Structure formats: structure tokens, C-alpha cells
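Have a look at the structure below before the remarks.
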């Protein structure tokens with residue numbers, strides 16, 4: 001089907017191609033990515049923009065001996081295709097297929113795994129120093145996007161790398177956007193560099209004259225001398241002040257420029273920054289026109305770019321959050337909204353449009369987002385800080401030290417809690433219940449449906465101190481009417497009995513409890529007897545009345561879409577520990593292993609959290625009793 005791509009399975013095959021064939025290879029890789037993602041959705045826009053960059057890297061460097069480390073991995077699809085996973089890419093992000101992100105166990109070419117941002121420079125420095133200590137002459141390259149460069153870890157790594165004099169090349173893939181539009185000082189800084197006319201005019205004249213042979217070192221010196229005079233006016237002084245030699249900007253979608261630049265930089269030593277300017281969605285018109293939408297567009301017609309419209313059976317939790325926050329903010333001028341680079345994903349775009357002065361997209365800076373919220377709360381504001389559950393792990397210290405210790409009224413909304421589906425282990429929000437339950441004076445709750453999310457947001461606003469954590473899953477709710485319903489808080493620490501039964505009690509929280517509730521109702525319909533079902537609603541504080549009621553049952557089944565170790569199961573076991581004639585407690589939740597990519601329903605079934613699995617468990621338990 002493809003004239004050149006069909007000849008390429010590994011990087012060694014690329015090196016056999018001529019320069020003209022390289023250009024055709026890039027076009028065919030891009031077409032292959034588009035057609036695969038049209039049928040099997042993934043992170044499209046970033047990967048399309050990085051095709052020439054990745055092809056050039058594998059043409060110049062000798063992976064896996066040389067180490068190429070990608071940040072996040074959204075842009076690494078061409079890397080997967082060129083490193084022995086071309087056919088497997090058709091099963092990208094599917095059960096039994098390859099991961100959507102770099103993964104060490106998947107290929108020797110994935111020397112360091114990723115899924116969260118800003119890790120590449122620190123990891124690359126580790127490889128570079130290991131090579132120095134071992135006396136290995138390998139090259140180490142970190143590829144980091146401009147969005148990931150907003151993360152504090154990236155600057156910690158850069159600060160250390162610059163002072164270490166390690167042999168490391170950091171490529172800043174600057175496409176002026178991460179998922180949503182980039183914001184903040186780093187974004188403005190990179191924009192200044194790429195648009196400075198004086199620097200670019202002289203740089204192009206000098207850099208393009210750089211060639212092989214005797215004059216090479218002299219020309220390189222001219223580049224450095226030119227930069228020394230102009231870099232402060234262009235913005236590159238910051239990188240150089242950290243100990244890096246700065247090169248660029250280079251057109252990352254110009255294959256010849258990328259190959260020539262990498263060839264010239266390969267033999268240099270010490271910490272270097274190559275600033276590459278690419279365009280997200282490059283080469284595919286629909287993705288270039290709307291890069292935010294085409295970051296992960298779902299299914300679409302590759303010929304026309306017409307997206308397959310997703311019909312949601314119920315409101316998405318992110319939309320419930322966004323609309324409720326909008327309504328609350330209209331009534332209370334103290335409310336502010338904070339997101340670390342996920343305004344569209346968390347449903348905060350309407351809030352941003354209505355209250356731009358009270359909306360803060362802080363970039364990929366989860367720790368800062370929480371401490372920033374704490375500062376706002378200390379100054380009398382009422383912040384709602386929305387972070388994806390798995391990303392909240394990066395703000396653990398900030399939640400303890402800056403919010404909890406000071407008792408500041410910060411509402412932390414953890415979207416994408418529990419199992420998230422195709423993004424897999426790096427994005428599963430499995431650990432929040434266990435992680436935050438140990439923090440004193442913290443409220444943790446999980447709504448069973450859309451209306452409860454709305455009301456728990458009101459509870460969080462009414463709380464006099466925090467943290468007040470609300471966690472809810474990716475995707476749609478239960479179809480419960482919530483629009484226009486009164487903004488009334490639910491009492492903190494109070495749950496609800498959903499079904500009255502005998503001998504066995506199911507106790508849980510969050511939407512996954514609905515599967516257990518339906519399974520219990522089916523058991524009653526089929527066998528005439530049912531277990532009781534309780535919605536605790538709050539993991540912390542636990543409902544004392546429900547706990548007292550649970551003593552009368554023989555068996556208690558806890559249900560949670562979080563880690564069994566330390567979560568609800570742990571809390572209930574702790575409560576009954578040491579009690580005479582205590583009931584047997586059986587936990588249904590996420591086991592003590594990482595759950596790989598699959599559909600969310602497939603992941604739930606793997607963990608025994610779907611309705612059928614719980615129904616089968618109830619048959620077994622009730623029969624034995």
C-alpha cells in the first residue's frame with residue numbers, strides 16, 4: 001500500500017533511504033497515522049506535527065543504543081511506527097494492543113515510559129550521567145513539548161542538567177499549544193524567540209551556511225558569537241543562563257532542516273537546547289484548522305475530516321461540573337475556577353467565557369494549582385480547583401502542606417477518577433481514595449449520579465475549611481435530571497440506604513455503586529431475596545449511623561472504583577477490626593496491580609466491578625448463607 005513505509009520496520013531501514021525518500025516516508029507515516037486513528041481513536045494532532053522531527057531523529061541517531069526520551073508521549077506515534085510496531089499500531093490503546101504512550105516493557109526503543117508531563121529532562125539526565133559513569137559513548141535526547149515545559153519538574157531537570165555539564169540534547173517541540181491554548185510566561189517566552197525578526201534573520205544567514213569540512217568549527221563559533229549578541233533580545237538567554245547552549249528556532253516540519261541540524265548538533269557535547277517550531281496537526285488540513293478539537297478527535301472520515309458525532313446517553317460529569325460552577329459563581333463573587341491546562345476536558349470553558357477575571361488556567365502545574373488555590377482561599381476567595389485524578393498525585397504535598405494543615409476552604413474536584421479506559425495505567429485515577437484518606441481534617445466524597453455531583457459542589461462551597469475533595473469518573477452519568485435543580489448542599493458525612501435486604505450488605509460510593517445496586521435488584525427479582533445496598537457517599541467522614549447498622553449483617557461487600565488497599569475496603573475493615581462477631585468483609589475494587597488499556601467497560605469487568613460480575617458474586621454469597 002505504501003511505497004516507502006512498507007520497506008521500513010526499524011530505524012536501520014530509514015538509514016538506507018535517500019533524502020527524497022525520507023520526505024515521502026514522512027508523508028506516508030502521516031497518512032498511516034490518520035487512517036489508523038480515524039478507525040481507532042487516539043492522540044492525533046501532536047503526533048502529526050512531530051513526524052518530520054521523529055523521522056529525522058531516527059535517521060541521525062542510533063536507537064536503541066542512543067536514547068530518545070519522549071515527554072508525555074502524545075507526539076510519539078511516528079516513533080512507535082518506526083520502531084517495529086507498525087502493524088501493532090492498528091491496536092493502539094486497545095486491550096491486548098500497544099500502549100498509547102512510551103512504555104519500557106513494550107519495546108527497547110521506549111527507554112523510559114511516560115504518560116504524565118515534564119519528566120523527560122530529568123530522566124534523560126539520568127541516562128546521560130549513567131553513560132558518563134559507565135564510559136559508554138551513547139547520545140541522549142529528550143523531546144519535550146512547549147506545554148510540558150510549563151511543568152516545574154522540567155525546570156528542575158534543566159537546572160540540574162545545565163550545571164552538570166552532561167552530554168544531553170533537549171529538543172523543545174514548540175507547537176504553541178498543548179491540549180488547550182498554552183498560557184503563561186513560558187509560552188510567551190517561546191513565542192518571543194520564534195517571532196523575533198532580528199534574531200531569525202541573522203540566524204538563518206549564519207546557520208544555513210553551516211556545512212561539513214574544515215570550516216565547520218569556525219562556522220559553529222560564528223553561530224555562538226551571533227547568539228551571544230542577540231540571544232538576550234530573542235529570549236534565549238534564559239536557557240543559556242541555566243548552562244545550556246541554545247540553538248534555534250528551527251522549522252521542525254522541514255525535514256532537510258531537521259536532519260541537517262541534528263547532524264551538526266550530534267557531535268557537540270554538553271547540555272544543548274534545540275528549539276524546534278512545529279505545527280500541531282501538520283499535513284492534515286482539518287487538524288491544522290482546529291488543533292484543540294483534533295488533539296484527540298475520536299472517530300472520523302479520513303478523506304473528509306468529518307467527525308463521527310458522539311451521541312451521549314446522558315450528561316457527562318464534566319459538563320455537570322462546568323454548568324454548576326457557572327451557576328454558583330453567578331451567585332457568589334468569591335468563586336474562582338482553576339485548572340492545570342485542562343479547561344475543555346474538565347468542562348470549564350463556559351466559566352472562562354462568563355468570568356474571565358475569575359478563571360485561571362495555570363498550565364501543566366498541578367502542585368502550583370493547589371497552592372495557588374490555597375493562597376486565594378487564604379485571601380477570602382472560594383476556589384474550585386479541577387484536576388484529573390491521576391494528575392492530582394503530583395500535588396500530594398501541596399494538598400497536605402498548603403491546604404489541609406491550614407484548613408483552607410479549597411474544593412478539589414478530581415475528574416477522571418477510577419478507571420479511564422484506553423489511556424491505560426498512566427491515567428487511571430485509582431489511588432486518590434487511598435492516598436487522601438490518611439490526611440487529617442479532609443473531606444472525601446463521590447457522587448452516585450449527576451444530581452449528587454451538583455449538590456456536593458454546594459456542600460464544598462458551604463464548607464468552612466478544606467480540603468473538600470469530590471471525585472467522579474470520566475464519561476456520562478446515570479441520566480438523572482440535574483439541570484435546573486436547586487443548588488442545595490448534601491449533609492457532610494451522611495449516606496443513604498438504597499435497598500433493604502438481609503444477611504448481606506453492599507456498601508459503596510460513587511457511580512460504580514449503581515452496578516451493584518442493579519445487581520442486587522436483579523437478585524431479588526430472580527431469587528426473592530436481596531442484599532441491602534448502602535451509598536456511603538463520603539469516604540471521609542464515614543456515616544456513623546450506617547456503620548452501626550452494618551453490624552447486623554453476616555457479610556459486607558465493599559464496592560469502589562479505587563484501589564482496594566487503603567480505600568473504602570480498608571476503611572470498613574479498620575472499623576470492624578477487633579470487634580467480637582464482626583461480619584466478614586469482602587472487597588470489590590481495583591486489585592493491587594496496574595490495569596492496562598482497554599475500554600472502560602472492559603476494565604471494570606477485569607476488576608469485577610461490572611453488574612454481571614457483582615451479580616455472580618451475590619449468587620455465590622447468598623447461596624452459601
Packing-based ranking, highest mean first, of 467-473, 109-115, 265-271 given that Cβ atoms within 10 Å are counted: 467-473, 109-115, 265-271
Residues 294, 517 arranged by fewest to most Cβ contacts within 10 Å: 517, 294
Sequence of 448, 132, 85 once ranked by neighbouring C-beta atoms within 10 Å, starting from the fewest: 132, 85, 448
Near-label residues of the range 355-374 by backbone N, under 13 Å of a point 7 Å along Cα→Cβ of residue 397: 367-368, 371
Packing-based ranking, highest mean first, of 7-15, 458-466 given that Cβ atoms within 10 Å are counted: 458-466, 7-15
Inter-centroid distance (Cα atoms) of the range 542-601 relative to the range 438-499, Å: 20 Å
Additional length obtainable on full extension of the chain from residue 256 to residue 156, 0.36 nm per residue less Cα span: 32.7 nm
Antiparallel content of DSSP bridges confined to the chain, in %, to 5: 15 percent
Cβ-derived FRET efficiency at R0 56 Å, residue 301 paired with residue 464, nearest 0.05: 0.60
Separation in nanometres of the label points that stand 7 Å from Cα toward Cβ, at residue 551 and residue 599: 4.6 nm
Alpha-carbon centroids, the range 102-146 and the range 321-377: separation in whole Å: 34 Å
Rounded to 10°, Cα long-axis angle of helix 19-39 versus longest principal axis of the chain: 10 degrees
Cβ-based exposure ranking for 86, 139, in which fewest neighbours within 10 Å come first: 86, 139
Over the chain: helical MRE at 222 nm, DSSP H runs n ≥ 4 each giving -39500 (n - 2.57), nearest 500: -11500 deg cm²/dmol
Degrees separating the helix 185-195 axis from the principal Cα axis of the chain, which is the longest one: 30 degrees
Cα long-axis angle, helix 450-462 against the chain (0 to 90 degrees, to the nearest 10): 90 degrees
Size of the range 317-471 as Cα extents on the principal axes (Å, biggest first): 38, 33, 29
Relative contact order (%) - the range 317-471, alpha-carbon pairs under 8 angstrom, separation at least six: 23 percent
Correct option for volume of the Cα convex hull per residue in Å³ [calculated from the coordinates] among (1) 209; (2) 172; (3) 191: (2)
Sorted peptide list for 256-263, 477-484, criterion being average Cβ within 10 angstrom, highest first: 256-263, 477-484
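Values in this text are rule-based calculations from the coordinates and carry no lab data. All figures in this text were calculated on a predicted structure; none of them were measured in a lab. Quick reminder, even Gly has a Cβ in these numbers, built from the backbone with ideal geometry, and neighbours come from all protein chains shown.
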